[in-house]
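Participant: Before anything else, here's the structure in question.
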Amino acid sequence: MAEKPLPVPRRLPPANGTPEPRKVRFSFAGRQRTAQEGDTIASALAAESVDVLTHSFKYHRPRGILCADGRCPNCMVDVDGRPNVRACVTPVTEGMRVRPQNVWPSMRADLLSLTDRFDRLLPVGFYYKTFIRPRFLWPLYERVLRGAAGLGKVDPKGHPDMHQRRRNLHADVVVIGGGPAGCLAALEAAASGASVVLVDDQADLGGHLRIRTRPIRGDARVDGLSGRAAASSLAHLVAADPRIRHLARATAIGIYEGRLVAVSQGETFIHVRAGQVVAATGAHERPLLFHDNDRPGIMLASAILRLRWLHDVRIGRRVVVVTDDDHGWRQAAELLAAGFEVTGLLDIRAEGSNATSREGAGEVRRAGVEIHHGATVLAARGTSRVTGLSFRTADGVERGIEGDLVALAARPEPVISLLSQEGVQPRWDDRIGDFVPGDLTPGMHTAGHINGPLPDALVLAEGSLVGRVAASAAGHDPRNGSTALPVAHLRAVADALAAVEPRPAVQTPGGRKQFLCVCEDVTVKELQQGVKEGFGSLELMKRYSTVTMGPCQGKMCHGLAARVQALFTGATPAQTGLTTSRPPFQPVSLASLAGPHLARTRRTAMHDRHEALGATWTDMGDWKRPLHYGDVVAECLAVHRAAGLIDVSTLGKLDVQGADAGEFLDWLHPNRFSDLKVGRVRYRAMLDDAGIILDDGAVARLGPERFLVSTTTGNIDAVDQWFGWWLAGGPRRVAVTDVTGQYAAVNLAGPNSREIMQRVTSLDVSREAMPYLAAAQGDVAGVPAIILRIGFVGELGYEIHVPADYGAHLWDALIDAGRDLGLRPFGVEAQRVLRLEKQHAIVGQDTDALSNPIEAGMGWVVKADKPDFIGRDASLVVEARGPRLVLTGIEIIGHDLPAEGASILREGSNTGIGRITSAKWSPMLERGIALGWVDISDATEGNRVTLRLGVGKAGGTTVGRIRTKPFYDPAGERLRA
Amino acid sequence: MSFLLGCPLCGPRDVYEFRFGGEIQKRPAPGSAPETWGAYLYARTNIDGIERAWWFHRAGCRRWFQAERDTRDNRVFQTAWLLPAASAAGGRDDSAAAVQPITARPPAAPAGAPGPEGTANG
C-alpha cells in the first residue's frame, strides 16, 4: 500500500513570540532531509512524514516509531557508520548520514521481506531445527544466514573520531530516574545535607510530567501546576541545588558490588559510587497484542505525546486509543489536549461502576469519542502505515474503526530490571497484577511508580520521604541503615494500591502476527508452539525463542512474555516469574566499556635526538627505545673499534637510603653490599625464596648510607614493589625511591670512550683513578653526573647518569666530543649482539621462571656464608644436588641462525638436550653466536650439538659447538682497560 | 569485584587501584625442611571466609598494607599498615607475621616470568 501523504504539515509552528528554530540538514537512506534544532533523528523523520525507519530483524517487516524513548528496537539505524543507533533519542546534527538497517538491497525493495510471507518456514527455534542436515552444507548455510541475520554492520576499522571518556563520581545518594519521585528524592536528600547524583536518561528532568498537561497536586513545590509546568519547576529546583549533580541523557546500565552504579552518558562512562541508591525508574507503557500490532503508526500513547510535546511534531491526526486500564482514559484526554482527534477508545475491560468517575472520562465524553468497553482488538489495518483497527465489541459484533494512529495505552509496568540486577527479586503483586520490587537489598530504596500505579500525591510524598531516609542512611554502615518509612505513608500506599483494579489478564485474540517481542520478531503463536513443544519454563523459552533477548533487553516484552507464557501453561504469572535481568540495562557500545585508550608511552629525555637520527623504534615496557639507526653492523663495529653511545635512561633506578640500607640489600640479594665501598659498583642478581632469578642490575654506593640500584627496564615497577614489601611495617631504617624518570643515562663504550670523557669532564677518568667498577660523582659536560664504570657490551665504558632535564644536553655534548673519534650512536639491537659476544644473559630472555643463578652460570653471586637472604635455602638445595641444565654459549657453524626457543639435540640423534634462548650474527666475530640451556652432561667445552633452526620441527637443522667462555675477550681485558 | 578498600594513607579507594598481595604468611626460618618451604611457597589457604592479606596501593601512595576481608562478599573489616596480631575476626594465627612482617612473604615474584607484568595484580 502506498504511503499516503498527510495533507497537514506535521510540524507545529513555533509558539507565539519564539523565534523559528534553526534548520539542520541531514540525510536518510541517501535522501536529503531537514530537521530543526532540538530534533532527534526520529522526530525529524516523523516531521518529514517518513514513517518506516527500519525493517525488522527476522521477517523484515516495516517498522516505525514505537516508544520514542530509546527503549525499543524499532528505530535503530546506522549513523555515520555506527550501527544500532536509536534514532528517537539521538539528536540530529548537521551533515549526519543516516541509513536504515536490515534492508537488502534497499528499504524500498528489501528482498528479505519475503521471509514475512514464508514465516511458516521459520518456526520458533528454527535455527535448532533447520539447516542442520546435510552436515556438509552447513558452511553454505552459515554464509547465507550470517548475511541475513544480525543487527547492523560494524566497521572493523573502528572509528577514529570516538573519544571515550571515563569518570568517577562519589555521592551519598544516587537517584536513578528524574521523574517527580526521583526529583523530590534528590531535592530532599540534598536538603538533608547529602551529596546527590541524579541520573536521568532524558534531556530534561520531569519524567512523564513533561508529556502531561493535567495538573498535579500533593507537594507545595508543584501544587496546581500542569504536568509540563511542574516538570520545568522541578528541573529548576534541581539545577539551583549545588548539592545535586544532574547527569542528563545518562543511563544507569548496571548496579554492581559495593553499590557501584555504572552510567553511560554519550561517550562518557561514569562509575558512580553510591552510599545509598534510590531507584525511581518509574513505569513504562508496553504494547498490546493483536494481529499486525507492529504496523507503523501503532505507537505507545506516550510516544505520540513525546513527539508532540518534546519535538512539536504531530505524527498523525486521528487516534484510536486501546487500553486495559484507567490510564488509557487519561492518555485519551491528553491526546485531545494535545490537539489530536480521538476516533475511538477501546477498553478491553467491561464497563465498571466507576466508568464515569475516571480521570479523563469527562474530557473523552465531551469530545464525543466513540467508547467501547469489553472490546477485543483483532487486527490492524494498513501495511506501511496503520489505517485503522478491527475489533469485536462486548456483544460479539466485529467492527472497524478508522485512524492514522493507534495509541497503545496499557497501564505502565514498573521498571524493575535495573533493581533486579542488584539482587532485588521481582515480586508479583496480586492486588495490581504486576511485578514490583521485592525485598530491598541494603542501601537500596525505591520511590514512585516503580512500586505500582500510585496516585500523584503518594508519588510526591514517597519521593520526599525516601530522599530523607536515604540521606540519613548515607554515611553510616549500610547494614545499620534503615529503609523503614513512616507507618502512615506505608498505610496510605497500601490503601492506594488496594484501590487499584488488578490489571486484566493479557488478551490475545489470535492471528499469526501478534508481536510479543519486536526485537527478535517473536509472536504469540511462537510462544504457544514452544509451550506445546515442552518449553514450559520461561527461562528455557527465552533461550529457545529468544524472547526478551533482543537489544531492548525485554523492555517491551519482559512482563508480557511472562503473562503470555502463563496463559499457555496454565500457570499464574507469579509462578511463571520473570526472566533474569542482566546488565546492561540499555545497550552500550564496546568502545564505551573499553574506555579511553590509556596505554602509557614513556619517552626518554633524548627521544628527539634519536628521532632526528632516524631511529627505528622498539617498545620495551612502557618505553620507546631506538632499536637501531639504520646500520646494526656499523653500530656494533663502532663500539669495538672506536666508540658507541646508547641511551640507557630506561634502566630502572631505585635510590636506597638509610642506616640499614646496606644490610637490607644484603637481605634481598644472594651477594653482599654492606661491604661495598663508597665509590664502587657491584653486579646484583635478585632471587625469590624459590631461588629463581627475578631481576639483575647494578648497585653503586654513592655514600655511606646511599645506594643507587639499577634494574632491568621492564622490571622497575615490580622490583620497587618487592623492595617495598620487604620493608613494609618492618623496623629497618631504609627509604626506597623510584628515581627512574629523574635520571637520563647513556652508556659510552668503546676503546675511544676514555678520550671522549676527558673532553667533557674535569674528573680524572684514567684507569688508575676511575678503574673498572668505580662509581664516581662529578660534572660531565657541565652538569652533575654519576659515572659508573661498568659495561654490558664488553668494552671500556662509562654509564653516565644526569638529571633528566640535562639528558639531551649530555647526548649533544658527547656526540660533539666524539665526532672525530668515530663515535656512533647505537641501539638496542647492537647492544644485544655485543652482550651476546660476552655471554651476558638478559633476565627474562635467557632466564625464565625456573632459572636459578647456579645453573645460569652466576653461582659466584651466591654467598652461602651469609646467615640468611631471600633464596638462600633454595640455592643451597640446588648447590647440593648440582646443576642439571646450564646456560652456556654456543658457537654456530654456518650462516643459518636458530630461532629463539629452538631445540638443541645431541649430535647424530633426535634426543633433545636443551633450547636456544638468544641467537645473533656477530659482525665482529663473523659467525653466529647463541646462548642456550643445555643438559650438564652435554655442556662440555667444544662439544658438537645439532641445532634446530625453527621452533618445533620446522626449518631444518644446523651444527653448533658448546663455548663455555665469552666469545669475545674472554679474559675481560678490554672491559677493564 | 568493585568494592572500596581503605588505604591507611589515602582513604577509601576503588579496589582496582590496588594490587592484591596474597595471604599473610610467616616465612620459614633458615634451614627449614624443603617441605616447609614448599608449603610456604606454593600452598594457599584460599579461604572461603575472612582473609587477612597484603595489598599494595599501586595507583596511589604505592605503599603496602594489610586488610581483613570476607572473601564471600568482599566486606572489608579493617585495614592497617599491620593488622593487630590477634584479630577478633579469626583466621589463622599470623601474629608472628604481624609483629615481624619482614619474615613474611609477598605473593608473587616481581619478575623471572616473561614480561614486566608477569606477576601482576589480582
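The values are calculated or read from the model by the stated rules, or taken from the named source; none is laboratory data. None of these values were measured; they are calculated from a predicted model. Cβ coordinates were reconstructed from backbone atoms using ideal geometry, including for glycine residues, and neighbour counts include every protein chain displayed.
Participant: Just to verify a result, which residue in the range A:714-737, among those that are farther than 11 Å from B:W64 by Cα and of a type in the set (S, T, N, Q), is nearest to the other protein chains (Cβ to nearest Cβ)?
Facilitator: Across the range A:714-737, the extreme among qualifying residues is A:N715.
One line per residue, one yes/no per condition, for (1) of a type in the set (S, T, Y); (2) buried (at least 22 other Cβ atoms within 10 Å of the Cβ); (3) more than 14 Å from chain B (Cβ to nearest Cβ):
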residue: A:R249; (1), (2), (3): no, no, yes
residue: A:I255; (1), (2), (3): no, yes, no
residue: A:R306; (1), (2), (3): no, yes, yes
residue: A:D326; (1), (2), (3): no, yes, yes
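Participant: Looking only at the range B:32-45, how many residues end up being in contact (Cβ under 8 Å) with a residue 12 or more places away in the chain and more than 9 Å from every other protein chain (Cβ to nearest Cβ)?
Facilitator: Number satisfying all stated conditions: 2.
Participant: Same structure again: Please state which of the following conditions A:G679 fails to meet, knowing it meets all the rest: (1) under 20 Å from A:G730 (Cβ atoms); (2) more than 14 Å from chain B (Cβ to nearest Cβ); (3) of a type outside the set (A, V, I, L, M, F, W, C).
Facilitator: All conditions pass for A:G679, except number (1).
Participant: Still on this structure, I have one more. Which one is nearest to the other protein chains (Cβ to nearest Cβ) among residues in the range A:596-617 that are in a strand (DSSP E or B) and in contact with a His (Cβ under 9 Å, 6 or more places away or on another chain)?
Facilitator: Looking at the filtered set, the residue picked out is A:W617.
Participant: For the range A:222-237, which residues satisfy the criterion of being of a type outside the set (S, T, N, Q) and free of Cβ contacts under 8 Å to residues at least 60 places away in the same chain?
Facilitator: A:D223, A:G224, A:L225, A:G227, A:A229, A:A230, A:A231, A:L234, A:A235, A:H236, A:L237
Participant: Out of the residues in the range A:8-33 that are under 35 Å from the mean Cα position of the chain (by Cα) and surrounded by 12 or more Cβ atoms within 10 Å (Cβ to Cβ), which is modelled with the lowest pLDDT?
Facilitator: Step by step, filter the range A:8-33, then rank; the result is A:A29.
Participant: Tell me yes or no: at least one residue of the range A:747-756 is outside any loop (DSSP other than H, G, I, E, B) and under 39 Å from the mean Cα position of the chain (by Cα).
Facilitator: no
Participant: Turning to a different aspect of this structure: Residue by residue through the range A:402-429, note down the ones that are surrounded by 21 or more Cβ atoms within 10 Å (Cβ to Cβ), out of contact with any helix residue (DSSP H, G or I) (no Cβ under 7 Å at 6 or more places or on another chain) and in a strand (DSSP E or B).
Facilitator: Hit for the range A:402-429 is A:V406, nothing else.
Participant: Let me ask something else. Look at A:R243 and say whether it is under 30 Å from the mean Cα position of the chain (by Cα), among the basic types (K, R) and either over 27 Å from A:H311 (Cα atoms) or more than 14 Å from every other protein chain (Cβ to nearest Cβ) (or both).
Facilitator: Yes; evaluated as a whole, the condition is true for this residue.
Participant: Within the range A:870-905, count every residue that is out of contact with any helix residue (DSSP H, G or I) (no Cβ under 6 Å at 6 or more places or on another chain) and closer than 22 Å to A:F967 by Cα.
Facilitator: 20
Participant: In addition: What tally of residues in the range A:859-868 results from selecting those that are within 11 Å of chain B (Cβ to nearest Cβ) and closer than 23 Å to A:H840 by Cβ?
Facilitator: Summing the residues that are within 11 Å of chain B (Cβ to nearest Cβ) and closer than 23 Å to A:H840 by Cβ in the range A:859-868 gives 0.
Participant: So in the range A:703-713, with the set limited to residues that are surrounded by 23 or more Cβ atoms within 10 Å (Cβ to Cβ) and at the interface with chain B (Cβ under 9 Å from one of its Cβ atoms), which one is farthest from A:K677 (Cα to Cα)?
Facilitator: Ranking the candidates gives A:T712 first.
Participant: All but one of (1) modelled with pLDDT under 90; (2) assigned to a helix (DSSP H, G or I); (3) more than 25 Å from A:T54 (Cβ to Cβ) hold for A:G559; which doesn't?
Facilitator: With respect to (1) modelled with pLDDT under 90; (2) assigned to a helix (DSSP H, G or I); (3) more than 25 Å from A:T54 (Cβ to Cβ), A:G559 is out only on (3).
Participant: If you don't mind, there's one more thing I want to ask. Anything in the range A:270-295 that is within 14 Å of chain B (Cβ to nearest Cβ) and surrounded by fewer than 24 Cβ atoms within 10 Å (Cβ to Cβ)? List them, or say none.
Facilitator: A:I270, A:H271, A:R273, A:G275
Participant: Among the residues of the range A:232-271, which ones are of a type outside the set (D, E, K, R) and within 14 Å of A:L187 (Cβ to Cβ)?
Facilitator: If the condition is that a residue be of a type outside the set (D, E, K, R) and within 14 Å of A:L187 (Cβ to Cβ), then A:S233, A:L234, A:A235, A:H236, A:L237, A:V238, A:A239, A:A240, A:P242, A:I244, A:H246 are the ones that fit.
Participant: Select, from A:L814, A:L897, the only residue that is over 16 Å from A:I692 (Cβ atoms) and part of a loop (DSSP other than H, G, I, E, B).
Facilitator: So the residue among A:L814, A:L897 that is over 16 Å from A:I692 (Cβ atoms) and part of a loop (DSSP other than H, G, I, E, B) is A:L897.
Participant: Select from the range A:588-631 the residues that are farther than 27 Å from A:Q164 by Cα and among the charged types (D, E, K, R) and list them in ascending order.
Facilitator: A:D608, A:R609, A:E611, A:R625, A:D631
Participant: Let me confirm something: among A:T911, A:T957, which residue is more than 25 Å from A:E855 (Cα to Cα) and of a type in the set (V, I, T)?
Facilitator: A:T957
Participant: Please go through the range A:534-547 and pick out each residue that is closer than 15 Å to A:K58 by Cα and part of a loop (DSSP other than H, G, I, E, B).
Facilitator: Result: A:T546, A:V547.
Participant: Moving on to the next point. Out of the residues in the range A:874-888 that are within 12 Å of A:N852 (Cβ to Cβ) and assigned to a helix (DSSP H, G or I), which is farthest from the other protein chains (Cβ to nearest Cβ)?
Facilitator: A:E879
Participant: Name the residue that is surrounded by the most Cβ atoms within 10 Å (Cβ to Cβ), counting only residues in the range A:941-962 that are among the β-branched types (V, I, T) and closer than 12 Å to A:I913 by Cβ.
Facilitator: Checked the range A:941-962; the qualifying residue surrounded by the most Cβ atoms within 10 Å (Cβ to Cβ) is A:V945.
Participant: Name, by its number, the condition in (1) modelled with pLDDT of 95 or more; (2) surrounded by 16 or more Cβ atoms within 10 Å (Cβ to Cβ) that does not hold for A:E398.
Facilitator: (2)
Participant: Which members of the range A:266-299 meet the condition of being more than 30 Å from A:R381 (Cα to Cα) and part of a strand (DSSP E or B)?
Facilitator: Once the filter is applied, which keeps residues that are more than 30 Å from A:R381 (Cα to Cα) and part of a strand (DSSP E or B), the range A:266-299 yields A:T268, A:F269, A:I270, A:H271, A:V272, A:R273, A:A274, A:G275, A:Q276, A:V277, A:V278, A:A279.
Participant: Moving to a separate point now. Give the residue, chosen from A:S302, A:S390, that is outside any loop (DSSP other than H, G, I, E, B), closer than 28 Å to A:Y59 by Cβ and free of Cβ contacts under 8 Å to residues at least 60 places away in the same chain.
Facilitator: A:S390
Participant: What do you reckon, is A:V699 more than 9 Å from every other protein chain (Cβ to nearest Cβ), closer than 30 Å to A:L627 by Cα and crowded, with 18+ Cβ neighbours inside 10 Å?
Facilitator: In short, yes.
Participant: Please enumerate the residues belonging to the range A:716-741 that are touching a Pro at 6+ places or on another chain (Cβ under 7 Å), farther than 18 Å from A:A698 by Cβ and assigned to a helix (DSSP H, G or I).
Facilitator: A:D717, A:Q721, A:W725
Participant: Kindly indicate whether any position in the range A:686-693 is more than 13 Å from every other protein chain (Cβ to nearest Cβ) and not polar (S, T, N, Q).
Facilitator: No, the range A:686-693 has no match at all.
Participant: Of B:A80, B:A120, B:A29, B:A86, which residue is facing chain A (nearest Cβ under 10 Å) and at pLDDT below 90?
Facilitator: Step by step, each of B:A80, B:A120, B:A29, B:A86 is checked, and only B:A120 is facing chain A (nearest Cβ under 10 Å) and at pLDDT below 90.
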